[in-house]
Structures are given as C-alpha cells and as structure tokens.
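A short worksheet on the structure shown next.
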Amino acid sequence: MTSTTADGPALAGDDLSEERSGRPAGEADAFDAEALPTPRGATWALLTSLLGPLRARVVVASLLLVVQQVAVQAGPLLVAYAIDSGVPAFRDHDYGPLAAVGIGYAVCSLGAGLLQYAFIRAAARINQDVLLDLRGRIFRHSQALSVDFHERYTSGRLISRSTTDVESLRELLSEGLQELIGVVLSFVAISLMLLWLDLGIGAIAVASFAPLYLLVRSYRRRAARAYSARSSAIAAVIVKFAETMNGIRPVQAFRRERANDEDFAVFNRRHERTNGDALLEMARYVVGSRLVANTAVAAMVLWGAHRVASGTLALGVLAAAVLYLRRLYDPIDRLGMFLNSYQSAAASLEKIAGLLAQTPTVPEPGAPKELPALAGEHPGRAVAFEGVRFAYRTGGEVLPRFGLTIPAGQTLAVVGSTGAGKSTLAKLLARFYDPTEGRVLLDGTDLRDLATPELRRGVVMVTQEAFLFSGTIAENIAIGRPEATREEIEHAAKAIGAHDFISSLPDGYDTDVRKRGGRISAGQRQLVAFARALLADPAVLILDEATSSLDVPGERAVQRAMDTVLHGRTAVVIAHRLSTVEIADRVLVMEKGRIVEDGTPAELIGGTGRFAGLHRAWRESLA
C-alpha cells in the first residue's frame, strides 16, 4: 500500500518506529525505565574528582572553621572563670579578672565573626567551582554519548540532572558541609571540655550520644529512600513538561490539553507525595533529637544542682556545663538539616554519577587512522558494508547479515517500507551506531578506525527533521564549516536554491531564525540544512528523506541543484518520494532488513519487481 503526496505515491517513511527509535514501536516507558545503573564506588569517585583539584583550598577553609570553633567554644570557659574567680575578686575590689573576661569574650566573638566571614567566602568559591565543573562535565559527556543513548534517555532527564540534581549538591556544599564540620568539631571539643570540667557531667553527655547515633542512623536509612524517590519524581515532572512544550503544536491540534493535564497531575502528585515523605522523615528526626537533648539537659541540671548544694561542684562549672551542653545539642537540629541536604545530594549525585559512568557505544579509536588523500574537484569515496549485521539493544535484529559496495561518486537511492532498515543503513554509514557484526569501510578504512573529526569531515548526513539552532541563517549554514566566509555561505545557499528566499527576509542572511527555526517554514529550514551540508563539502553525503518536507517547486529546485552538487560525490539517498529516485545512478529496494532489488532505475522500472509496481502507480497518479 502506498500513500499519495503532491508529487505522487510515496513509500511509507521511517517515522518514530522501531528503526528510528531503537525500541519496538509502541513500547511504553515505565516511570523509572530510564534510570541508569551507578557502578559501585562511582559516586565517591565523582565527588573526589570534583574536590581533588581544590584540595588546598578545602584544607584552608577547614582550618578557618576549626579556629573559628575554638574561638566560639572559649565562651563558656570565660563564663565559668567569671563566676568562680571574677565575682569573688570583684567583691575584693579586684576588677582585673572580670575586665580580662570581658576583653577576652569580645576578642573571641569578634574573631569568630571574622573567621566565619572568611570561611563563608572560601567555601562559596569552592562551591561555585565544583558546580561549574560538574555542569560542564554533564554537558560535555552528554554530547559525547552515542545516539542510541539519547534515543533511550530523554532530554528532560538530562535537564533534571544538570539543574535539579546539581542544585541539590549546591545546597549541600554551601550550607550542609559547614553544618557538618561545625557539629563534628562541637561534639569533639565540647565532649572533651565537659569531661575535663567534671567527669560525671561529661559521662552524662557522652551517654546521650548512643540514642542520638541510633536516631541518626535510622533517619539516614529512611531518608535515603525518600530522597531517591523524590529525585526520580521531579525528573518525571520535568520530562513531561519538556515533552509537552516541545510538542505543543500536536498537543493543541489534537486537543491533548486535558489528557496531558491529567498525566502531568499524576507526576505532580507523585512529586508532592515523595517530597512530603522526605519532610516527614525530617520532622520525626527533629522531634526525636530534641527529646533526647532536653532529657539529657534536665538530668544534668538536676544532678548538678544537687552537687552544687552539697558543695561537691562549683557553680561556675555547672553554668559552663549547661552552656556547653546546650551548645552540644543545639547543633542537633542543624545536623538534621545537613542530613536532609546530604540525602538529597547523595541521591542526586548518584544519578549524576550513573550518567557520567555511561560510555559511548561508538567509542573513539585507540590508534586513529587518516583517510587517504583525494584527487579531483568533487571527489567521492568508495563505501563497503562487509558481512554487516545489526540489532538494537532493546529490539530484535533489524539488518540480517548482508554485503553492499557503493563505488566512489555513485548516487544510491534506497527505498522500502517502514521498518525496512533504510535509516538504519544510513546511521551505520554515518557511524551513529556500530554494526553488531561485520564492518563498514570508507575507501577501505574501517569507520571504527577513524577519529570522529576525520569521519565527520568525510561523511555528512541531512535528516528529515531540519534542526536549526538559535541564531542567524548565516550562522546556521556555517555550522557545516565554521571558518567559511560570507561569500562561501552565500554560494552554498545559491547552489541549492535558498538564496532568493533568504534575501527576501527582513535581515537577509543575518535574520535570526529563533527557536528551532520557527521563523521560517519547514521547507525553508530544510534548504538551510542542505546548504549547511553542502558547505561542509563531504566526500559522502547521506540524505535521509531530506526532501520529504519540501513542496513540489522546492523539491524540484533542490533536485536541479543536486545534479550538479552530487557530481563526483558518493551519495546515499533514503527516498520517501519516488521522484527523488530520478537523480540516482542506482536503486536499492529493502524489505525487512534485506536487499530484495538492486539495479539502475531503468533496469528496475523495466522489470516486474516491487519497484516497478511502485513506479507505475506513481506515473498513474501524476496522470
């Protein structure tokens, strides 16, 4: 069955089916279907690699906080000295001890404030450098991952990794680490100070650590699950939002607003629930820690008061102990906040580490080779598929074992129904994928032995969807060769018939195409994509249904230009419209991944095979 276009019957295009997506058509993703496994130790290795270059600055910041804590913890000792020594001396008209205490307290307070300021500045710089490095790693690594990864892992989740998850780490670095270091130093310093002041009081404080430890351990375990679920939930919200906004035209055209709103509400409620679970765990921890702290303080005050009354404990020591004990337990809430940030950041960092642990399925060669030099004005290169078989990771076999040779300079048209393997063949030639078996050769060199820049200079692909980046038309054409002059850019546009429409735009070649080229039509975007590819001047040009979005006049103009542009260059044209086959030297008909017909257009038209039947139907539709 063929469909009829303005130019006659067309072969069914390779839409978002198994061949294009790498998954069986209709396969639905579960909520966490795109979760990536994180190798053991990858999270810690990532954190170490982020902080490693900043080791000296981390040490300096830590020392600042240590000295600041020393200044802070001197306060209760000064109070004890003032009560037990300064007050009696004052009664004897000796004002020196109290004056010394006042000066000492002021110096400690001022010093603690200045050290706190210095630490915050140092920590903020470390924080921003780490986040800058991490965002850059995510962006660079995501670009380096192969096409099959991006067909499995949605852009919404990549956005979530580089925004929401990085933001969780920012909260930990900017606030949580200071709290952790402060709490640890306070616990150690105050515990030693209490034991030094009075062994009994110190023992009460140390004994209270046991229930606090059990409370913290229980909270960490429960919060880890809650924050992992929350991270996945917010990623799903972002994915749904990005998917809807990217497809806003079909959403409105097919009245999907209500259905999308219901779907979004499900993800939004899940995020609300998981976020509430995390906050509930935090509330349980705070209540439990305060109960332990208040019980310990009450016990120490009652016992200490009894000892002061019996003369076995100095009043100043009891006052200092109470102050220290309050300082010991006051950070408990802050420790909860740190654990809150830590669990959120740990869940996020684990997901980021899982992303960064992914390796390209199309790796760079260990010892790259260079293609032999070419001769001639418009040279092409020979292409060969030797014993090639291909199967997607998540689907069955798409291309059974086959061989194919394309001589240099030949234009090969590939036709076939949806799922026949046409686009997969093109992707193997562009090395978006590597064959499951066999090899693809360019002038006798395995594509796997070519460095990516060398390969991209030799092979360029124009797809059905002409993607334009924000910027001017000239900048979008120059992507094919960034160093090109304005004259070369305009020459490429003229060669494919785009110059006239570009010149008619308000700013000509300097017209901003805006988001995804929305300022110009689909056919005009395709012409710009053609100009981009032709400016790159590749030896092998792949056109994957690249004329399907053009109207009849536009397609005719492109075909006329291609007669000249493709002369001497090897070309593989995935044909959606049979009119496109007219420019080909040779036609390949594919069915279920197999080559069922191979010959010149005239030979196949004169035969009785599938292509001859399609061609007759096309001619009849034109009549």
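Summary table below
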item	result
The chain: relative contact order as a whole-number percent, Cα under 8 Å and 6+ apart	18 percent
Net length gained if the chain between Ala100 and Arg486 were fully extended (0.36 nm per residue, minus Cα distance)	131.1 nm
Cα-based Rg / Dmax (Å) for segment 193-237	18.4, 56
Full-stretch length increase - Ser470, Trp303 - with 0.36 nm per residue and alpha-carbon distance subtracted	52.8 nm
Farthest positive-ward along the chain dipole, Cα basis, beta-carbon charges - from Leu134, Val79, Thr424	Val79
Cα-Cα separations in segment 361-435 greater than 15 Å, expressed as whole percent	66 percent
Average accessible surface area per residue within the chain, 1.4 Å rolling probe, Å²	48 Å²
Net charge, Val317 excluded, C-beta distance under 10 Å - Lys, Arg +1, Asp, Glu -1	-1
DSSP bridge pairs, the chain: antiparallel proportion in percent, nearest 5	55 percent
Accessible area of the chain belonging to carbon and sulfur atoms, whole % at 1.4 Å probe	59 percent
Label-point gap, in nm, between Leu192 and Ala56 - each point 7 angstrom along Cα→Cβ	2.8 nm
Cα-Cα pairs of segment 562-611 separated by more than 16 Å (percent)	42 percent
Value of Rg/Rh across segment 228-327 [Cα atoms, Kirkwood radius]	1.51
Positive-end residue of Ala345, Tyr433, Gly202, charge dipole of the chain with Cβ unit charges	Gly202
Rg(Cα)/(2.2 N^0.38 Å) for segment 103-182, N = residue count	1.65
Once the Cα gyration tensor of the chain is diagonalised, semi-axes √(5λ) in Å	71, 25, 22
Dipole magnitude of the chain, debye to nearest 20 (Cβ charges: Lys/Arg +1, Asp/Glu -1, about Cα centre)	1680 debye
Range in the chain, longest, excluding exposed GluC sites (Glu not before Pro) [loop by DSSP; at most 13 other beta-carbon atoms within 10 Å]	28-369
For segment 169-258, the fraction of alpha-carbon pairs in successive 5 Å shells from zero, as %	3, 10, 10, 13, 12, 10, 8, 7, 6, 5, 5, 4, 3, 3, 2, 0
Degrees, to the nearest 10: 486-495 long Cα axis against longest axis of the chain	50 degrees
5 Å-binned pair-distance histogram of segment 341-488 (Cα, whole percent)	2, 7, 13, 16, 16, 15, 12, 8, 5, 3, 1, 1, 0
Additional length obtainable on full extension of the chain from Arg217 to Arg514, 0.36 nm per residue less Cα span	101.7 nm
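The values are calculated or read from the model by the stated rules, or taken from the named source; none is laboratory data. Everything numeric in this text was worked out from a predicted model, so none of it was measured. Ideal geometry is used to build each Cβ from the backbone, glycine not excepted, and the neighbour counts take in all protein chains shown. With ligands, DNA and RNA removed, areas are computed over all heavy atoms of the protein, side chains included. Shrake-Rupley method; radii C 1.70, N 1.55, O 1.52, S 1.80 Å.
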